[in-house]
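Below: the structure, in structure tokens.
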Amino acid sequence: MSVTAGELTGTERAVLLVLMAASRPVPNRELAVRGPALDKTGRDKLNRLGLIESERVGSRFVHELTDRGWRLCRELIDAGPPPRSTGPAKTLYTVLGALGRYLDGAGLSLADVFGASDGSPVRTEDRIRAVYARLAARPGGWVPLTMLRAELDAPRAEVDAALAVLHRTPGVSVIPQEDQKLLTPEDRDAAVIIGDRPKHLIAIED
């Protein structure tokens, strides 16, 4: 499906730019702090157009740019402000235009600027993998999320979002404990809600 910048509202454009700048999954509440809130209509539209992927984690949605979304962000940088833009919006697109000229002149992509680099903080997904490797008896062995969370110094929402991303990654499984009698209150509290079920265990094959 071909999508152009002209098909998006100013709010929808701004949501894509915030996700581009964050370059990671962003929960609804954080999105509203960094830019405009994303309502159901906008969320459904951006997902339908293939520009973002939204996943329910617990009681909130977490959003991430797709490859198509990244490509459209590059188009947005050169597109100029939407019709009837206010002064602040025009200023934003003036700055974005300068960024576009810099990218063209330096032969860089958006990922080169906003993606992870050697000097950037380690992604939470990578921290989870590192902690898992320390805790698991063997690759692919099950580790309770209770133990995993205890080793991670990160906000719960950030860990939940990273677990949701890993859940979609080949070689990673995040599953419920089938024997509910084995669960302690701590296990239940540490569960991550992905889809409509609490999940308590993680396994990473490599």
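The values are calculated or read from the model by the stated rules, or taken from the named source; none is laboratory data. Predicted model, so just to flag it, every value in this text is computed and none were measured. Virtual Cβ from ideal backbone geometry, glycine too; neighbours counted across all protein chains shown.
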Open item on the list: Just to be sure I understand the filter: pairs with C-beta atoms under 9 Å, separated by 6 or more residues or on different chains, first member in region 46-65 and within 14 Å of Thr4 (Cα to Cα), second member of a type in the set (Ser, Thr, Tyr) and assigned to a loop (DSSP other than H, G, I, E, B). Which pairs pass?
Closed with: Gly50/Thr66; Leu51/Thr66
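What are the residues in region 174-192 that are out of contact with any Leu (no Cβ under 8 Å at 6 or more places or on another chain) and under 21 Å from Gly140 (Cα atoms), if any? Give the steps one after another, and end with the answer.
From region 174-192, those out of contact with any Leu (no Cβ under 8 Å at 6 or more places or on another chain) are 178-186, 188-189; that's our starting set.
Glu178, Asp179, Leu182, Leu183, listed by residue number.
Are there any helices (runs of 4 or more DSSP H) wholly within region 76-150 with 2 or more residues that are of a type in the set (Gly, Ala, Ser), and if so which? Steps first, please.
Details: elements: 87-106, 110-114, 124-135, 145-150.
Result: 87-106, 124-135.
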TODO: Inspect all residues belonging to region 6-19 and state whether any of them is in contact with a helix residue (DSSP H, G or I) (Cβ under 8 Å, 6 or more places away or on another chain) and in a strand (DSSP E or B).
DONE: no
Task: Condition broken by Ala37, with the remaining ones in (1) among the hydrophobic types (A, V, I, L, M, F, W, C); (2) surrounded by fewer than 18 Cβ atoms within 10 Å (Cβ to Cβ); (3) at pLDDT 90 or above; (4) not in a loop (DSSP other than H, G, I, E, B) satisfied - done: (4)
- [ ] Quick one: count up the residues across region 130-146 that are touching a residue at least 12 places away in the same chain (Cβ under 8 Å), of a type outside the set (Gly, Ala, Ser) and surrounded by fewer than 19 Cβ atoms within 10 Å (Cβ to Cβ).
- [x] 6
Task: Residue list for region 164-181, restricted to those being surrounded by 14 or more Cβ atoms within 10 Å (Cβ to Cβ) and assigned to a loop (DSSP other than H, G, I, E, B) - done: Pro176, Gln177
Task: Residue satisfying condition, being modelled with pLDDT of 90 or more and under 28 Å from Leu166 (Cβ atoms), within set Arg71, Arg56, Arg43 - done: Arg43
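Considering only residues that are in contact with a His (Cβ under 7 Å, 6 or more places away or on another chain) and within 25 Å of Asn28 (Cα to Cα), which ones fall in region 140-176?
The initial filter retains those residues of region 140-176 that are in contact with a His (Cβ under 7 Å, 6 or more places away or on another chain), namely 144-145, 174, 176.
Scanning region 140-176 gives Leu145, Val174, Pro176.
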Open item on the list: So for region 50-68 (the condition being in contact with a Gly (Cβ under 8 Å, 6 or more places away or on another chain) and assigned to a helix (DSSP H, G or I)), does at least one residue qualify?
Closed with: yes
Open item on the list: Would you confirm whether or not region 69-84 contains a residue that is touching a residue at least 60 places away in the same chain (Cβ under 8 Å) and within 23 Å of Arg168 (Cβ to Cβ)?
Closed with: yes
Open item on the list: Suppose we filter Arg60, Arg24, Arg29, Arg71 for residues that are out of contact with any Lys or Arg (no Cβ under 7 Å at 6 or more places or on another chain) and outside the structural domain of Lys199 (by TED's automatic domain parsing); which single one remains?
Closed with: Arg71
TODO: For region 3-15, indicate whether the set of residues that are crowded, with 16+ Cβ neighbours inside 10 Å, touching an Asp or Glu at 6+ places or on another chain (Cβ under 6 Å), within 25 Å of Val159 (Cα to Cα) and β-branched (Val, Ile, Thr) is non-empty.
DONE: no
